[in-house]
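Here is the structure we will look at, set down as structure tokens.
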Amino acid sequence: MTTRKRRTLALGLAGAAALTALTATVPATAAAPAANPVRAHCPRLSPDIPWYGDNRARLQRMIDERGTCSRHHGPRPVAAFDWDNTVVKNDISDATLAWMLRHDKVPRPTGWRDTSPWLTAAADRALTRACGTGAPGRPLPTSRNTACADEIMEIRGEAKTMSGAPAFAGGWNHRRTVPEYAWVPALFAGLKPATLTAYARKARAENLAAPIGTQQTVGTHQLAGYIRYYAQQKDLIRTLKAAGFDVYIVSASSETVAEAWSGGVGVDARHTIGIRNLVRDGRLTTGIAGCGDVKDGHGEVIPYIDGKRCWINQEIFKVKGAEAWRQQDPAHRIALGGGDANTDVTFVDDATGAHLAINRNKDELMCRGYDNADGRWVVNPMFIDPLPRKSGRYPCATKGYTNTDGAPGPVRRPDGSVVPDQRDRIHG
């Protein structure tokens, strides 16, 4: 089993004398409540890093209201961020898997059906045919075996084989997991955690060094060959931490891989939550840690949609069992949630201070962001290569929501009313 994260409890508040001695006039766009005037030394977001519209001021207001400048006792406020395309541009799971495939670092599984309870017979046959047979644990020769690399990349990206057959079938809760996401950490089975960390760091160095816009080829698949930390998010996390927030990363990437990246924004491994491989005899296995009342298994629950709420409740607020799936009272919820996709919508919506949505035209997230039911949604275009305005409207009233069986339905507010279709208003 992986080691549970321990929440950091140190407050690091500024001295009382400094808090009472230094005051300043607050700009109207970032005003805190009159009872808690913003101090001159309060941590500030950089004015030199651009945000859309008044988003910087709105986030600063939340920091001033919830951080050390107004809070004198009680638990530290919590901020939680998705990782891929929220804190960084592009995807660290794709980058790591691509690097491993290009360098023959993916171990051959004992059997392909062992990597996922939902893997189809067609996918098993396609992988066996393309990758051949051999001793389990030996590296797959994917740098020169294009067919093997292609099958793995196609299943990871499209949940299909190269011939178009479904790669996964059966029943799963579509708001708790998605098989192709859970499949990637299972491909790391047999590696020592430190070995996977080393591979992730090599992929990190390669992708950070590559110019923006770089593409790479794996098999015959082309995908992004660069990653960048967003300056805005790095500055936001820095400011939140300086203002006394506990900051967490909650990602649907492998936790070991995410830990190799999160230090770049000052978030340590104890504050990084991802898909957790079970460890046996010092090596990663195909088993995946469960959450709430869902036992350890093979990815029946991962940090994905409602699963992210469960992991936040369980790991950060220590809510156990079935209760971890439910929205908690405001004292046991995050103050700020940031995400870019429907995979993040539940925990971002749970935030009590600000919901930061990076616009990648994902229906449920943008339906809630533009509906802005509580007036605390902060929608921002992607910071690098933002998308143009979406044509038409988001189908909020009919199929913007994904039900547990995968069927689409209307997006609803907490009172049960349906969110009307929304037009795209904040874009590149």
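Averaging the sequence gap over all C-alpha pairs within less than 8 Å and six or more residues apart, then dividing by the number of residues, gives the chain a relative contact order of 16 percent.
Globularity index of region 176-237 is 1.39 (Cα radius of gyration / 2.2 N^0.38 Å, N = number of residues). Over all directions, the projected convex hull of the C-alpha atoms in the chain averages 20.8 nm² in area.
Each Cα pair under 8 Å and six or more residues apart adds its sequence gap; the mean of these over the residue count of region 298-397 is a relative contact order of 20 percent.
Against the empirical 2.2 N^0.38 Å scaling, what ratio does the C-alpha Rg of region 282-374 come to?
Rg over 2.2 N^0.38 Å, computed on Cα atoms: 1.16.
Give me the percent of DSSP beta bridges within the chain that run antiparallel, rounded to the nearest 5.
Close to 45 percent.
Per-peptide packing, taken as the mean over residues of other Cβ atoms within 10 Å, places 327-333, 137-143 in the sequence 137-143, 327-333 from highest down. For region 345-428, what mean projected area does the convex hull of the alpha carbons give, in nm²? Approximately 5.6 nm², given one-decimal rounding.
The residues of the chain expose, per residue, 41 Å² of accessible area to a 1.4 Å probe.
How large is the Rg to Rh ratio of region 84-148 when both quantities use alpha carbon positions and Rh follows Kirkwood? Answer for region 84-148: 1.04.
Convex hull volume of the Cα atoms of region 122-260, normalised per residue: 152 Å³. Measuring nothing but how far apart in sequence close Cα pairs (under 8 Å, 6+ apart) lie, relative to its length, region 111-224 scores a relative contact order of 29 percent.
Quick one, could you list the DSSP H helices from the chain stretching 18 Å or more along their long axis (Cα atoms) with average Kyte-Doolittle hydropathy of -0.5 or above?
193-209
Comparing R360, R389, R175 in a Gaussian network model of the chain (Cα springs below 10 Å), the most mobile by mean-square fluctuation is R389. Element breakdown for region 170-213 at a 1.4 angstrom probe: carbon and sulfur atoms account for 55% of the accessible area.
With coordinates expressed along the principal axes, the C-alpha atoms belonging to region 72-193 extend over 63, 33, 25 Å, beginning with the largest.
The values are calculated or read from the model by the stated rules, or taken from the named source; none is laboratory data. The structure displayed is predicted, hence computed values, not measured ones. FYI the Cβ positions are ideal-geometry reconstructions off the backbone, even for glycines, and counts take in every protein chain you see. These accessible areas exclude ligands, DNA and RNA; they are computed on the full protein's heavy atoms, side chains included. Shrake-Rupley method; radii C 1.70, N 1.55, O 1.52, S 1.80 Å.
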